[in-house]
Amino acid sequence: MSVMAWFRQLCLGKPNGITILSMRTAALFGTMLVLATASVAAQTATGIHLADVRFSGDTQLDAVDLSKCTADPKSRTYEGPEWQDDLVERVRVLCLQDNGYFKATVKPSVEQLPDKESTHQFVITFDIAAGPMYRTGQIAFRNNHVFSAEELHSMFNVESGDNFSPRRYGRRLSACVAPT
């Protein structure tokens, strides 16, 4: 790979807000020494906006409304180089794991569009491999001397066979132990 190709891949392969303005390479004594200089300048656009959010792979999932997963990310402006990782984690946890798909993997691919209203515009596509859906099994309470099993079941409002959602269980548990 040439120095020019390597530098372009480094700077333009990821949406990091850098534009290559000029580049020159000089070779001295064949392949012994390669000197590369580059002039770079940050673009005037600030922030990252998602023009569109798309899904591929496992998109027809029980209890998952992917259209609800796109509304919030499209309404925000993102900063920093971790924006893709943050979005992947959000889709994986909130849209998939909270609906029982614990082994779900999400891989992003992005396409940069022309800047608009001083923000970088992107289309992001999440490739989903959902894996199996996990459901709640039999719920049993042991060593409960204050409440009956029926009272505890009614507090959690979860039935056997429901999609397993750690967030839902966490909210119910917090409500049960929160001081009144």
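The values are calculated or read from the model by the stated rules, or taken from the named source; none is laboratory data. It should be emphasised that the depicted structure is a prediction, and the values quoted were computed from it without experimental measurement. Here the Cβ is made from the backbone with ideal geometry for all residues, glycine too, and neighbour counts use every protein chain on show.
For this structure, a couple of remarks:
- Residue match in the stretch 153-167 (condition: on the phi < 0 side of the Ramachandran plot, in the same structural domain as Ser67 (by TED's automatic domain parsing), surrounded by 10 or more Cβ atoms within 10 Å (Cβ to Cβ) and of a type in the set (Lys, Arg)): no
- Residue in the stretch 125-133 that is under 30 Å from Ser154 (Cα atoms) and in contact with a helix residue (DSSP H, G or I) (Cβ under 6 Å, 6 or more places away or on another chain) present: no
- Between Gly137, Gly170, the distinction of being part of a helix (DSSP H, G or I), small (Gly, Ala, Ser) and farther than 22 Å from Arg54 by Cα belongs to Gly170 only.
- Single residue of the stretch 52-75 satisfying the filter (modelled with pLDDT of 90 or more and closer than 16 Å to Glu111 by Cα) that is surrounded by the fewest Cβ atoms within 10 Å (Cβ to Cβ): Ser56
- Any hit, the stretch 72-92, residues being in contact (Cβ under 8 Å) with a residue 24 or more places away in the chain and at positive phi: no
- Just one of the numbered conditions (1) farther than 19 Å from Asp65 by Cβ; (2) surrounded by 14 or more Cβ atoms within 10 Å (Cβ to Cβ) is not true of Glu111: (2).
- Exclusive hit being under 16 Å from Ala130 (Cα atoms), outside the structural domain of Asn163 (by TED's automatic domain parsing), of a type outside the set (A, V, I, L, M, F, W, C) and modelled with pLDDT of 80 or more, set Glu111, Glu79, Glu89: Glu89
- Hey, Asp98 of a type outside the set (A, V, I, L, M), outside any strand (DSSP E or B) and crowded, with 16+ Cβ neighbours inside 10 Å or not: yes
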